[in-house]
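First comes the structure, then the notes that go with it.
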Amino acid sequence: MLGRSIPIFWRNLEEAINNGSNDRIKDYLVFLYSRLLALNENRKMSLRFLYEQERELIREELVPQGGDKAHNVDYLDLERFCDDQTVDEHASIVTKFNKKYLDILESEDGTRARNRSYI
């Protein structure tokens, strides 16, 4: 069924473009966007992949310019935590990452006890 739907979708979108039907074009684009968003949210990924995607932002947050040694330790701690290639559901990986990141941000002195274990 999907195989037959795709050509029809593109034909209808092309027709809407050719006719200048902006509302129909918008509907088709919103449909595509919602499908792509759903695919993105349901994909599998690893902590390593997530970390690599956000590395620069993480560095800016955890090691401000002229950052002190404590913040650099936090950054390296998160980097070690994320050095895991195990692939899991997107939501599960994001939850693990966010928990660790919040632990770092909420620590009293900006660092964590190094012997505390995390999932």
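The values are calculated or read from the model by the stated rules, or taken from the named source; none is laboratory data. The structure displayed is predicted, hence computed values, not measured ones. Here Cβ is always computed from backbone atoms with ideal geometry, including for glycine, and neighbour counts include all displayed protein chains.
As for the stretch 54-64, it holds no residue that is surrounded by 11 or more Cβ atoms within 10 Å (Cβ to Cβ) and not assigned by TED's automatic domain parsing to the domain that holds Val87.
The residue that is nearest to the chain's Cα centre (by Cα), counting only those in the stretch 1-39 that are under 24 Å from His90 (Cα atoms) and either hydroxyl-bearing (Ser, Thr, Tyr) or exposed (fewer than 10 other Cβ atoms within 10 Å of the Cβ) (or both), is Leu39.
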